[in-house]
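Participant: Below is one structure. I have some questions about it.
The values are calculated or read from the model by the stated rules, or taken from the named source; none is laboratory data. All figures in this text were calculated on a predicted structure; none of them were measured in a lab. Cβ placement follows ideal geometry from the backbone for every residue including glycine, while neighbour counts extend to all protein chains displayed. What goes into the accessible areas is simple: the full protein's heavy atoms, side chains included, and nothing from ligands, DNA or RNA. Shrake-Rupley method; radii C 1.70, N 1.55, O 1.52, S 1.80 Å.
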Amino acid sequence: MYAYDELDRTIVNERVVEFRDQVARRLSGELTEDEFKSLRLMNGVYLQLHAYMLRIAIPYGTLSSKQMRALAHVARKYDRGYGHFTTRQNIQYNWIKLAELPDALADLAEVGIHGMQTSGNCIRNVTSDQWAGVAPGEVEDPRIWAEILRQYSTLHPEFSFLPRKFKFAITASEHDRAAIKVHDIGLRIHRNAAGETGFEVLVGGGLGRTPFIGKTINEFVSHRDILSYVEAILRVYNQYGRRDNIYKARIKILVHELGIEKFKQEVEEEWVQ
């Protein structure tokens, strides 16, 4: 699994310091709950009926034993002794006190865990096959590309305020255990007729109140071009996605209303610029 370097650690630690100050200002009354909302959401903190909920990112579902022990420590010290693993490979704590949230995040930062981009209208946790790296028949390990996407998308200034939340999933197996067809962007690593390895790119999938199956926008994008290609998709979505209606803001609605051919045309034009 990926080991955080000094830059990663600096970003995570600085975010904890920043959030500690924001919490202090909320507790003192300097910030109202409405003013605090956007700040807490940037750190994965939701306000529920009876308490705040903290969602922690577990990129592509991979944890070390040290990180798992840290999650258990937070559950025991700050919550009620347990957490809730989500369908998208995160973990949530539902009973942490607001005053103790910065301490919990500081403890997790020591092992390279944080809550950044687990909420808000940004690129959320990149998920993959639960058997990634050991599944028979994999073309290659998709976790490498999940990590590249994580690094690319974390605190990306252009994509931190999208029309709506945005989710990637990656698989490298014929049997799709990552459910790439019900994600905003789904990536399938495969080999083309020439034996080259690259990505089939699907776009516009999603569940919720208006479910859609993602459509293939490009059958084969090479490794060297995949970041620029998904960036073109995100730019088109950022420009044309609905911001006036939360129920029509997801990229699945945009793809449905434009049609996949028109949407692809917009993406291809953006990509060559």
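Participant: Out of the DSSP beta bridges found with both residues in the chain, what percent are antiparallel (nearest 5)?
Facilitator: Values: 22 of 29 bridges.
So the antiparallel bridges in the chain amount to around 75 percent.
Participant: Sum -39500 (n - 2.57) across every DSSP H segment of at least 4 residues in the chain, then divide by the residue count to get the 222 nm mean residue ellipticity, nearest 500. Write out the running numbers ahead of the final one.
Facilitator: Values: 8 runs with 101 residues, N = 273.
-11500 deg cm²/dmol, from helical runs alone.
Participant: A follow-up question, please. Taking the Cα atoms only, what angle lies between the long axis of helix 226-240 and the longest principal axis of the chain, rounded to 10 degrees?
Facilitator: 80
Participant: Can you give the angle from 0 to 90° between the axis of helix 65-78 and the longest principal axis of the chain, with both taken from C-alpha atoms, to the nearest 10?
Facilitator: For 65-78 against the chain, the angle is about 40 degrees.
Participant: I'd like the carbon and sulfur percentage of the solvent accessible area for the chain, probe radius 1.4 Å, heavy atoms only, ligands and nucleic acids excluded.
Facilitator: Numbers: 7070 of 13550 Å².
Of the solvent-accessible surface of the chain, carbon and sulfur hold 52 percent.
Participant: Then there is this: By how many nm would the segment from Gln130 to Ala193 lengthen if fully extended, with 0.36 nm per residue of separation less the alpha-carbon distance? Before the final figure, lay out the partial values.
Facilitator: On the way: separation 63, 0.36 × 63 = 22.68 nm, distance 2.76 nm.
Full-extension gain reported as 19.9 nm.
Participant: Related question: Pull up the DSSP beta bridges for the stretch 138-273 and report the antiparallel fraction as a percent, rounded to 5. Kindly include the intermediate steps, with their values, before the conclusion.
Facilitator: Values: 13 of 17 bridges.
Among the beta bridges of the stretch 138-273, antiparallel pairing accounts for roughly 75 percent.
Participant: Once Rh is set to the Kirkwood radius over Cα pairs, what Stokes-Einstein translational diffusion coefficient, in µm²/s, holds for the stretch 123-272 at a temperature of 25 °C and a viscosity of 0.890 mPa s?
Facilitator: Numbers: Rh = 15.4 Å.
So the translational diffusion coefficient is about 159 µm²/s.
Participant: Along its three principal axes, how long is the chain when you only count alpha carbons? Whole Å, largest extent first please.
Facilitator: If we take the Cα atoms of the chain, the spans are 59, 44, 33 Å.
Participant: Here's something else I'd like to know. Over the C-alpha atoms of the stretch 183-264, what are the Rg and the largest Cα-to-Cα span, Dmax, in Å?
Facilitator: When restricted to Cα atoms, the stretch 183-264 yields Rg and Dmax of 13.4, 45 Å.
Participant: Under 13 Å from the 7 Å Cα→Cβ point of Arg243, by amide nitrogen: which residues of the stretch 107-121?
Facilitator: 121
Participant: Follow-up question, since we're still on this one. Please give the direction-averaged projected area of the C-alpha convex hull for the stretch 6-110, in square nanometres with one decimal.
Facilitator: Details: hull surface 27.3 nm².
So the Cα hull casts an average projection of 6.8 nm².
Participant: Would you mind checking Lys66/Lys165; Lys165/Lys215; Lys97/Lys252; Lys37/Lys248; Lys37/Lys77 for any pair whose Cα atoms are more than 27 angstrom apart? Please list the in-between numbers first.
Facilitator: Values: Lys66/Lys165 30 Å; Lys165/Lys215 19 Å; Lys97/Lys252 36 Å; Lys37/Lys248 22 Å; Lys37/Lys77 25 Å.
Going by Cα-Cα distance, Lys66/Lys165; Lys97/Lys252 fall outside the 27 Å limit.
Participant: Report the calculated FRET efficiency for Asp176 and Ser38 (r = Cβ-Cβ distance, R0 = 30 Å), to the nearest 0.05. List each step's numbers first, then the result.
Facilitator: Details: r = 35 Å, r/R0 = 1.17.
Efficiency computed from Cβ-Cβ geometry: 0.30.
Participant: Let me ask something additional. Spelling out what I want: for every residue of the stretch 43-54, take phi, set θ = phi - 60°, compute 6.51 cos²θ - 1.76 cosθ + 1.60 (Karplus), and round to whole Hz; glycine and proline get x.
Facilitator: The phi angles translate into 10, x, 10, 10, 9, 9, 5, 10, 6, 7, 10, 10 Hz.
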